[in-house]
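Beneath this line is the structure, given in structure tokens, with notes to follow.
The values are calculated or read from the model by the stated rules, or taken from the named source; none is laboratory data. Just so we're clear, the structure is a prediction, and the values are computed from it rather than from any experiment. A quick note on method: Cβ atoms are made from the backbone with ideal geometry, for glycine too, and the neighbour counts reach across all protein chains shown. SASA here: full protein model, heavy atoms, side chains in, ligands and nucleic acids out. Shrake-Rupley method; radii C 1.70, N 1.55, O 1.52, S 1.80 Å.
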Amino acid sequence: GNVRILTQEVTAAGDEGTFYLDEQKVELEGHAKAGQGNNTITAHRIVAWLDRNGIEGYGSEGTERVVMTIYSEPVDGTSTPEAQPENTDPQQPSLITIESDVLTYDQAQGFSLFTGKVNARQNGMAIQSYEMHVYLADSQESGKNEIERIEVMGNVRIVQDTFIITGEEGVFSNAEQSAVIKGT
């Protein structure tokens with residue numbers, strides 16, 4: 001009941017929890033939530049490895065999906081007003097929300113793997129696929145929390161304002177504010 005885990009890096013909570021001392025692993029189940037800074041992960045079940053800052057999130061059958069929210073800093077000087085949706089300020093931080101069935105996050109590698117009907121949204125743009133790899137920029141180097149690139153695979157669909165792009169795989173580069181989609 002109302003389990004809470006607090007470390008210097010992560011805060012986590014859930015309805016039930018199990019701590020495995022030898023593995024330095026915590027499993028939280030039922031309305032599980034983990035947060036680091038402004039970033040959050042919500043899921044039916046969260047598994048966290050305390051010694052390596054790794055997190056896995058799992059949805060429940062048909063009712064609850066894994067949701068990761070990333071508070072992203074703007075890319076200095078690389079964004080053009082034409083590339084921004086209306087009513088957004090390219091110099092203001094924004095929220096990126098990614099939903100999937102399963103999430104594997106490795107903080108040390110700055111990498112997240114989302115699988116199972118992935119849907120990412122930011123500032124009026126949506127990216128959908130079966131699998132998504134999200135690479136975060138080295139936050140210690142830049143002092144920011146930003147996505148470096150996103151790779152998508154399987155039934156890719158990008159929707160923004162008046163256009164829709166579909167294909168089998170693609171790569172989005174945040175620094176260049178560009179995407180390349182391949183296949184069908």
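Could you please tell me which pairs satisfy a Cβ distance under 7 Å, a separation of 6+ or placement on different chains, a first residue in segment 165-184 that is within 10 Å of residue 148 (Cα to Cα), and a second residue that is open to solvent by 60 Å² or more (accessible area, probe 1.4 Å) and charged (D, E, K, R)?
Listed pairs, sorted by first residue: 172/149; 173/149; 174/148; 174/149.
Going by what's in this entry, would residue 123 be described as open to solvent by less than 70 Å² (accessible area, probe 1.4 Å) and on the phi > 0 side of the Ramachandran plot?
In short, yes.
Which condition from (1) modelled with pLDDT under 90; (2) open to solvent by less than 50 Å² (accessible area, probe 1.4 Å); (3) small (Gly, Ala, Ser) is the one that residue 116 breaks?
In the conditions (1) modelled with pLDDT under 90; (2) open to solvent by less than 50 Å² (accessible area, probe 1.4 Å); (3) small (Gly, Ala, Ser), residue 116 misses (1) alone.
Can you name the residue in segment 129-167 that is open to solvent by 30 Å² or more (accessible area, probe 1.4 Å) and β-branched (Val, Ile, Thr) and is also modelled with the highest pLDDT among such residues?
In this case the residue turns out to be 166.
Has segment 43-51 got any residue that is out of contact with any Lys or Arg (no Cβ under 6 Å at 6 or more places or on another chain), within 24 Å of residue 97 (Cβ to Cβ) and acidic (Asp, Glu)? First the steps, then the outcome.
As a first pass, look at segment 43-51 and keep what is out of contact with any Lys or Arg (no Cβ under 6 Å at 6 or more places or on another chain): 43-48, 50-51.
Those still in the list that are within 24 Å of residue 97 (Cβ to Cβ) too: 43-48.
Pick out the ones that are also acidic (Asp, Glu) and you get none.
Within segment 43-51 (the criterion being out of contact with any Lys or Arg (no Cβ under 6 Å at 6 or more places or on another chain), within 24 Å of residue 97 (Cβ to Cβ) and acidic (Asp, Glu)), the answer is no, since none of the residues qualifies.
With respect to residue 68, determine if the residue is among the hydrophobic types (A, V, I, L, M, F, W, C), surrounded by 15 or more Cβ atoms within 10 Å (Cβ to Cβ) and modelled with pLDDT of 90 or more. Outline the logic, then answer.
Working: among the hydrophobic types (A, V, I, L, M, F, W, C): yes; surrounded by 15 or more Cβ atoms within 10 Å (Cβ to Cβ): yes; modelled with pLDDT of 90 or more: yes.
Here the answer is yes, as residue 68 does meet what is asked.
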